[in-house]
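Notes follow the structure.
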Amino acid sequence: MTSRRDSPLRIAMLAPPWIPVPAPAYGGIEEVVRLLCDGLTGHGHHVTLFAPPGSDSRAEVVHVLEEANLKVPEYDLLDEKSWPTL
């Protein structure tokens, strides 16, 4: 008999719905989500990632919006010139 511990888990991951996974211009939480999904699927678990369109993962991706919204009021994530300087 196989113990529950040896069988793959069914895991749902929820990413912020505005920026694709992985994010096109920076790391952030989207990169952490990507790494978690890749690692969990690599260990044989069944992972479903709920994320915006344009997301790419080893997990099954379910889109939560019709299109990704890459514009944040302060800056455009795809335009490095609009990023804040430190």
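Residue count for the range 2-21 satisfying the condition of being assigned to a helix (DSSP H, G or I) and at pLDDT 95 or above: 0. When residues in the range 37-51 are screened for being farther than 21 Å from D6 by Cβ and of a type in the set (G, A, S), 1 of them pass. Restricted to the range 39-79, and to residues there that are modelled with pLDDT under 85, over 15 Å from the mean Cα position of the chain (by Cα) and of a type outside the set (D, E), the residue that is surrounded by the most Cβ atoms within 10 Å (Cβ to Cβ) is L77.
The values are calculated or read from the model by the stated rules, or taken from the named source; none is laboratory data. In this text the structure is predicted, and so the values were computed from the model without any measurement. Neighbour counts run over all protein chains shown; Cβ positions are idealised from the backbone, glycine included.
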